[in-house]
Amino acid sequence: MSTDTPARAPHRARVVFMGTPDFAVPSLDALVAAGHEVICVYTQPARPAGRGQKLQPTPVAARAEALGIPVRTPATLRDPADRAAFADLGADVAVVAAYGLILPRPVLDAPAHGCINVHASLLPRWRGAAPIHRALLEGDAETGVTIMQMEAGLDTGPMLATCRVPIGPRMTAQELHDRLAADGATLLARTLPGVLDGSITAEPQPEAGVTYAKKLEKAEGRIDWTADAARIDRLVRAFTPWPGAFFDLEGESLRLIEAAPSDAAVPAGTVAGTLLADGRSVACGDGRALRLIRAQRAGRKPMTLDDLARGFPALAPGARLG
């Protein structure tokens with residue numbers, strides 16, 4: 001495995017790319033820019049989105065179509081006919097980045113060099129669906145990208161290359177996502193030639209330090225004001241822009257978009273979740289305060305707390321946030 005894979009002579013390969021969200025688009029672009037022949041893209045089917053609930057192609061599908069690459073959107077890969085169609089492509093390798101479907105053994109084995117995955121964590125930490133959000137939520141000092149040879153287990157395959165990314169103190173999930181997507185694409189382009197010519201050897205993941213990044217649930221975004229201020233701050237940053245951190249006030253749910261630890265004094269005996277005298281800081285369970293910076297009412301645009309309070313008198317000192 002390499003943590004700083006040197007540049008190699010170009011090796012044009014027949015590649016199947018399998019990805020779905022924005023995170024995967026830079027990796028697709030990197031393959032094309034490196035001169036590989038992306039013979040087909042697999043992505044999730046189009047789904048309804050927006051007010052009109054019109055079918056929207058995935059970001060990867062939209063990018064592939066713009067590049068003139070054929071797109072396939074099977075709902076699963078369990079159908080023998082779909083598996084046979086995949087094998088018939090005769091790919092040298094399949095590159096997977098946040099595809100969203102489990103690859104069965106016949107698919108994993110079909111390309112000559114198997115399937116490699118661009119995963120947004122330093123494995124074995126944060127295997128699973130939401131590694132970016134979980135790293136932020138748990139206060140990790142760093143994360144990164146692992147290029148992995150895929151096998152049947154959930155992100156258990158041997159590692160081909162890694163790169164490390166520090167997590168800044170005010171970084172949001174969107175900012176970390178964009179950094180990892182770009183770095184993952186660069187690492188992929190530098191690693192793939194070594195996979196194809198056999199000069200990079202995969203290393204098993206360490207047995208120690210395994211954690212799982214379970215799929216995000218919207219309910220996890222509900223703010224528990226009895227938690228530490230630092231924990232709530234991380235929740236807001238980890239759940240921005242999706243699925244969002246929120247709290248209730250007078251029967252209305254407000255989304256908290258931006259916050260930061262505050263130096264405001266919390267009077268002794270103040271109940272967690274109470275707005276302090278400045279009307280912008282809220283008491284938390286550890287006796288510290290969190291400064292509310294931007295929030296959003298349902299159906300409205302995001303606003304600063306100053307603007308929001310002018311139209312929402314309930315946001316006043318002494319108010320209890322649910």
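The values are calculated or read from the model by the stated rules, or taken from the named source; none is laboratory data. The structure displayed is predicted, hence computed values, not measured ones. Positions of Cβ are backbone-derived with ideal geometry, glycine not excepted, and every protein chain shown enters the neighbour counts. To get the accessible areas, we keep the full protein, side chains included, count just its heavy atoms, and leave off ligands, DNA and RNA. Shrake-Rupley method; radii C 1.70, N 1.55, O 1.52, S 1.80 Å.
Counting only residues at least eight positions apart within a chain, or on another chain, the aspartates and glutamates with an alpha carbon under 17 Å from that of LYS214 are GLU138, ASP140, ASP155.
Could you tally the net charge around ARG105, taking each other residue with its Cβ under 10 Å from the Cβ of ARG105, Lys/Arg +1 and Asp/Glu -1? Summing Lys/Arg as +1 and Asp/Glu as -1 gives -1.
Calculated from DSSP H runs of 4 or more alone, at -39500 (n - 2.57) each and per residue, what is the 222 nm mean residue ellipticity of the chain, nearest 500? List each step's numbers first, then the result.
Details: 8 runs with 80 residues, N = 322.
For the chain, the value works out to -7500 deg cm²/dmol.
Say a paramagnetic label sat at a point 7 Å from the Cα of ARG105, along Cα to Cβ; which residues of region 125-155 have their backbone N under 19 Å from it? Once the point is set 7 Å along Cα→Cβ of ARG105, 149-155 turn out to lie under 19 Å by backbone N, inside region 125-155.
Between ALA112 and ASP29, the simple spin-label model (points 7 angstrom out along Cα→Cβ) gives 2.9 nm. Along the charge dipole of the chain, pointing to its positive end and built from +1/-1 on Cβ of Lys, Arg, Asp and Glu, which listed residue (GLY19, GLY144, ALA314) has its Cα farthest out? Farthest towards the positive end: ALA314.
To put it simply, the accessible area of the chain at a 1.4 Å probe is 53 percent carbon and sulfur. Charged side chains reduced to their Cβ positions (Lys and Arg at +1, Asp and Glu at -1) give the chain a dipole of some 760 debye around its Cα centre. By definition, a body whose alpha carbon gyration tensor gives a ≥ b ≥ c is oblate when a/c is 1.5 or more and a/b is not larger than b/c, and region 1-95 fits this oblate description.
Within a Cβ distance under 15 Å of THR304, other residues only, what is the Lys/Arg minus Asp/Glu net charge?
On the way: positive: ARG255, ARG280, ARG291, ARG294, ARG297, ARG300, LYS301, ARG310; negative: GLU258, ASP278, ASP306, ASP307.
Charge balance near THR304 sits at +4.
Solvent-accessible area per residue in region 151-253 equals 48 Å², computed with a 1.4 angstrom probe and all protein chains kept.
In this simple spin-label approximation, VAL210 and ARG310 carry label points 7 Å from Cα along the Cα→Cβ vector, and these lie 5.6 nm apart.
Which shape class, rounded, prolate or oblate, goes with region 220-322 when its Cα gyration tensor gives a ≥ b ≥ c as root eigenvalues, a/c under 1.5 marks rounded, and past that a/b bigger than b/c marks prolate? Mind dumping the intermediate values first?
Details: a/c = 1.65, a/b = 1.18, b/c = 1.39.
It comes out oblate by the Cα gyration axes.
In whole angstrom, note down how far apart the Cα centers of region 59-97 and region 212-232 are. If you average the Cα positions of each part, the centres end up 36 Å apart. Taking square-rooted eigenvalues a ≥ b ≥ c of the alpha carbon gyration tensor, is the chain rounded, prolate or oblate, where a/c under 1.5 means rounded and, failing that, a/b exceeding b/c means prolate? Judged from the Cα gyration tensor, the chain comes out prolate (a/c at least 1.5, a/b above b/c).
Let me check I've understood the local charge: for ASP140, count other residues with C-beta under 13 angstrom from its C-beta, Lys and Arg +1, Asp and Glu -1. What total comes out? Working shown, then result.
Working: positive: ARG125, ARG134, ARG164, ARG234, ARG237; negative: GLU138, GLU142.
Neighbourhood net charge equals +3.
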